[in-house]
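Novice: Can you keep this structure in mind? I'll have questions shortly.
The values are calculated or read from the model by the stated rules, or taken from the named source; none is laboratory data. Note that the structure is a prediction, hence the values are computed from the model and not measured. Note: ideal-geometry Cβ built from the backbone for every residue, glycine included; neighbour counts use all protein chains shown.
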Amino acid sequence: MDLLIFGPQGAGKGTQAARIVDAYGLANIATGDMLRAAIANETPLGVQVKPILDRGDLVPDELVVALIRERIAEADAAAGFVLDGFPRTLAQAEALDAMLREVGRDLDAVVVLEVPDDVARRRMLERARKDDTPDVIETRLRNYHEQTAPLVEWYRARDKVVPIDGTETIDAVWNQIRDALTRFVGGEAAA
Ligand code: AMP
């Protein structure tokens, strides 16, 4: 099962992606985590993208597309994956479509965690990751609405979207996701 998980930062994507991965035995692929690891390891990619992440801007499409292309070819992604943080632009969505088609795969569903901006903002401030300053939070919310939210419509037109109310508790959100995926793709969660 190949899934995307969408939602503004603070929607609980990382938490719910981890649950989906555990329940269905999928690979958890988060571009933000991969980029932060590259920065921590001071790889050439990390050095290049550090100022971009510090500002809360988007990394150029070709860099993240290359990362994803390599990652989904790894053995643990053969049974399926949850992509968290990718795609974030139409160019990335089209590149993903093309690379999956090349290997005879297709997305099963796009889980969309819906939370209003004020809830997302409050959760991001509470989480207080080092890059979660108020300015950066506003930039990331704006980027989500301008560049990423339109992708939800793109996937909706392809009948992939599973909308989820992300304002509830972690367990309640997870129950919604599990029930929806069972209905949507007929998959049985192991846990
Ligand atoms: P995240 O942890 O998903 O919020 O990502 C943290 C930061 O990494 C973002 O603010 C972007 O600077 C960068 N990033 C992560 N994924 C992507 C992507 N798919 N396209 C462009 N930039 C990305």
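Novice: Scan the range 120-134 residue by residue and report those that are in a helix (DSSP H, G or I) and either crowded, with 16+ Cβ neighbours inside 10 Å or of a type in the set (S, T, N, Q) (or both).
Specialist: Residues satisfying the conditions are ALA120, ARG121, ARG123, MET124.
Novice: Please find, within the range 79-92, the residue that is farthest from LEU58 (Cα to Cα) out of those that are more than 10 Å from the ligand (Cβ to nearest atom) and buried (at least 20 other Cβ atoms within 10 Å of the Cβ).
Specialist: Among those residues, the one meeting the criterion is PHE81.
Novice: Is one or more of the residues making up the range 156-174 at pLDDT 95 or above, among the hydroxyl-bearing types (Ser, Thr, Tyr) and touching a Leu at 6+ places or on another chain (Cβ under 8 Å)?
Specialist: Checking the range 156-174: not a single residue is at pLDDT 95 or above, among the hydroxyl-bearing types (Ser, Thr, Tyr) and touching a Leu at 6+ places or on another chain (Cβ under 8 Å).
Novice: Say whether the condition of being over 17 Å from the mean Cα position of the chain (by Cα), within 28 Å of LEU53 (Cβ to Cβ) and more than 16 Å from the ligand (Cβ to nearest atom) is met by at least one residue in the range 119-129.
Specialist: Yes, because at least one residue in the range 119-129 is over 17 Å from the mean Cα position of the chain (by Cα), within 28 Å of LEU53 (Cβ to Cβ) and more than 16 Å from the ligand (Cβ to nearest atom).
Novice: Only one residue in VAL185, VAL161 is hydrophobic (A, V, I, L, M, F, W, C) and in contact with an Asp or Glu (Cβ under 6 Å, 6 or more places away or on another chain). Which one?
Specialist: VAL185
Novice: Here's another thing I want to ask about it. Which residue pairs have Cβ atoms under 9 Å apart, sit 6 or more places apart or on different chains, and have a first residue in the range 140-153 that is touching a residue at least 24 places away in the same chain (Cβ under 8 Å) and over 16 Å from LEU107 (Cβ atoms) and a second that is assigned to a helix (DSSP H, G or I) and within 9 Å of the ligand (Cβ to nearest atom)?
Specialist: none
Novice: Given the conditions (1) without any contact (Cβ under 8 Å) to a residue 24 or more places away in the chain; (2) under 23 Å from ALA79 (Cβ atoms), and given that VAL162 satisfies all but one, which numbered condition is not satisfied?
Specialist: For VAL162, the failing item is (1).
Novice: How many of the residues in the range 148-166 are of a type outside the set (Lys, Arg) and surrounded by 16 or more Cβ atoms within 10 Å (Cβ to Cβ)?
Specialist: Residues flagged as of a type outside the set (Lys, Arg) and surrounded by 16 or more Cβ atoms within 10 Å (Cβ to Cβ) within the range 148-166 amount to 9.
Novice: Out of the range 1-29, which residues are touching a residue at least 60 places away in the same chain (Cβ under 8 Å), more than 14 Å from the ligand (Cβ to nearest atom) and not aromatic (Phe, Trp, Tyr)?
Specialist: Passing the criteria: MET1, ASP2, LEU3, ARG19, ILE20, VAL21, ASP22, ALA23, GLY25.
Novice: Sticking with this one: Quick one: which residue in THR139, THR167 is within 18 Å of the chain's Cα centre (by Cα) and assigned to a helix (DSSP H, G or I)?
Specialist: Answer to the check: THR139.
Novice: Does the range 111-134 contain any residue that is within 22 Å of ALA79 (Cβ to Cβ) and either in contact with a Leu (Cβ under 8 Å, 6 or more places away or on another chain) or touching a residue at least 12 places away in the same chain (Cβ under 8 Å) (or both)?
Specialist: Looking for residues that are within 22 Å of ALA79 (Cβ to Cβ) and either in contact with a Leu (Cβ under 8 Å, 6 or more places away or on another chain) or touching a residue at least 12 places away in the same chain (Cβ under 8 Å) (or both), one finds at least one in the range 111-134, hence yes.
Novice: For the range 39-97, which positions are in contact (Cβ under 8 Å) with a residue 60 or more places away in the chain, closer than 21 Å to VAL111 by Cα and in a helix (DSSP H, G or I)?
Specialist: Within the range 39-97, LEU90, ALA93 qualify.
Novice: Next question, about the same structure. Select from the range 30-57 the residues that are within 9 Å of the ligand (Cβ to nearest atom) and surrounded by fewer than 17 Cβ atoms within 10 Å (Cβ to Cβ) and list them in ascending order.
Specialist: Passing the criteria: ASP33, ILE52, ASP54, ARG55, ASP57.
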